[in-house]
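Contents: one structure, followed by commentary.
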Amino acid sequence: MESILNAIYAVSGWLWGPPLIILLSFGGIFLTIRLGFFQFRYVGYILKSTFGSIGKKSEGEGTVTPFQSLTSALACTVGAGNIVGVPAAIMFGGPGAVFWMWVIALLGMASKFTESALAVHYRETNEEGEYVGGPMYYMTKGLNMKWLGVWFSIALMLEVIPSVMIQGNAVAESAKVSFGLPPWVTGLIVMIIVALVIIGGIKRIGKFAEKVVPVMAVLYVGGALLILILSISQLPSVLSLIFKYAFTPAAPIGGFGGAAIATVVRWGFARGVYSNEAGVGTAPIAHAAATTDHPVRQGIWAMVGILIDTIIVCTATAYVVLASGVWTDKGAAENASGLSAAGFEEFLGPAGGMIVTISLIFFVISTIIVLSWYGEKQAEFLFGLKGAKVMKYIYVIAVFFGAVGAIKAIWGLVDITLALAVIPNMIAILLLSGKVKQLKDEFFNTPGKYYLKDKEDMKASQ
């Protein structure tokens, strides 16, 4: 049995090393070039048409608002990885890894835009009148390759089971350490919360996400912003560390063992890819339900998710870890997952550690809810609504078993099944990049509609 587990870990470690990092990174680069670097050319418009339109009624058809779709996707991507993954990147890749995390985030915007625009373009309505879409639909309808969609759906549907178990275990462990709650109690509470939200479908998930995600982001990022204000004199030195070691090898310092340039780039790219899930194929499932008048418009909302997840939340974590100096402490590499809490405590005392713990619990619960819904949509594509309802209850029960510790030997399986979903999705969005370019040109160049109409309306309102 041990040899089988070692083989699983070896395969998953290899897949999530160079193969998938190269596929996702160069996919983002290719799409950025093919789409004319538009995420850089239209920055002002992108911000005004997303953050500037929150609360305004959206034109077109859909099940939830564009903001609810965004927060639903963020509920999954903004999670434990933002708190524990970034310190790991710094400890194994050095401060320069943060720079490469930013680079891959900016390039990944093209991948996230592409898959989300395709999800809206090829979406359809189910038996309950809800809009559904995602990789399995654009593979089937856009490429006429249903087998590829089935491959993606099976992989993601199965991946969600161990994923929610791991997330359930993480929140149970946090609650046990911080509040003394037995894991079974936490598991029961979280299971009930998840059931109440996901059984209500995407409308209830959207309402939950639009309220919870901003609160959890403000709590965590607000704490980091307070630390920035208290340590503003350290900002130049932190930026210097990031930019200097992005291009030169980082020498050993205290608990940090040093890193070569290739290692710096690898960890930065990996952290960026893992945190924002650009090209992974999950976020398009949420964005497919949005009310919108054009696929490109929702693709723009999807890009903003990377800005929030990686550029803001991950950077907040990186600043606290670097400014506090905890990354240079003796033994820091052995406790990389605890460096965020240590950094917050360094500046804010016990309250800082509590901010991280509470944020982690919120992050994990919201991730479980949206992950379960993603898996449910795969079952719906494969087996219809009845199959989806069965999987819904399986995911809810898996939360409890994960909380009480039934997660041995599944980490490797999580990575392998997720990799098996990423590969067909990246193949599909690269093959359909011509369609997305056509949609992008239509959105930005059609007289009197979409982008050109928005620009006229913006001028008129000034």
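Since every read-out is calculated from the coordinates, none of them should be taken as a lab result. Computed from a prediction, not measured in an experiment: that's the story for all the values here. Methodologically, a virtual Cβ is constructed for each residue, glycine included, from the backbone with ideal geometry; neighbour enumeration extends over all protein chains shown.
For the reader, a short list of remarks on this structure follows.
- Given R0 = 41 Å, the distance between the Cβ atoms of R204 and D457 translates into a calculated FRET efficiency of 0.80.
- Our coupling estimate for segment 423-437, obtained by passing each phi through the Karplus curve with A = 6.51, B = -1.76, C = 1.60 and θ = phi - 60°, is 4, x, 5, 5, 4, 5, 6, 6, 5, 9, 4, x, 5, 5, 4 Hz, Gly and Pro reported as x.
- Longest segment of the chain lacking trypsin sites (Lys or Arg not before Pro) that sit in a DSSP loop with at most 11 other Cβ atoms within 10 Å: 58-329
- Under 15 Å, Cβ to Cβ, from W184 - net charge with Lys/Arg +1 and Asp/Glu -1: 0
- Computed 3J(HN,Hα) for segment 162-176, one whole-Hz value per residue from the Karplus formula 6.51 cos²θ - 1.76 cosθ + 1.60 where θ = phi - 60°, is x, 4, 5, 5, 5, 5, x, 5, 5, 6, 5, 5, 5, 5, 5, glycine and proline marked x.
- Modelled spin labels at V218 and N144, positioned 7 Å past Cα toward Cβ, are 5.1 nm from each other.
- Note on S433, S359, S372, S237: ascending count of other Cβ atoms within 10 Å places them as S237, S433, S359, S372, the fewest first.
- Inter-label distance for K56 and L235, nm, one decimal - labels placed 7 Å from Cα along Cα-to-Cβ: 3.0 nm
- Potential lengthening between A10 and I312 on full extension [0.36 nm per residue; Cα-Cα distance subtracted]: 105.4 nm
- Subset of K112/K141; K207/K377; K112/K244 violating a 22 Å alpha-carbon distance limit: K112/K244
- Whichever lysines have a C-alpha closer than 24 Å to that of K453, once near sequence neighbours (fewer than 8 apart) are set aside: K48, K56, K57, K435, K437, K440
- Distance (nanometres) between label positions extended 7 Å along Cα→Cβ at L181 and K330: 3.7 nm
- Karplus-derived 3J(HN,Hα), 6.51/-1.76/1.60, for each residue of segment 315-325, Hz, glycine and proline x: 5, 4, 4, 4, 4, 4, 5, 6, 5, 6, x
- Distance from the Cα centroid of segment 177-246 to that of segment 58-119 is 14 Å (rounded to whole angstrom).
- Long-range HN-HN contacts of D329 with modeled amide H, under 5 Å: G255
- For F383 and I29, the difference between the fully extended length at 0.36 nm per residue and the C-alpha to C-alpha distance is 123.9 nm.
- All-pairs Cα distance distribution in the chain, expressed in whole percent, bin size 10 Å: 4, 21, 32, 27, 13, 2, 0
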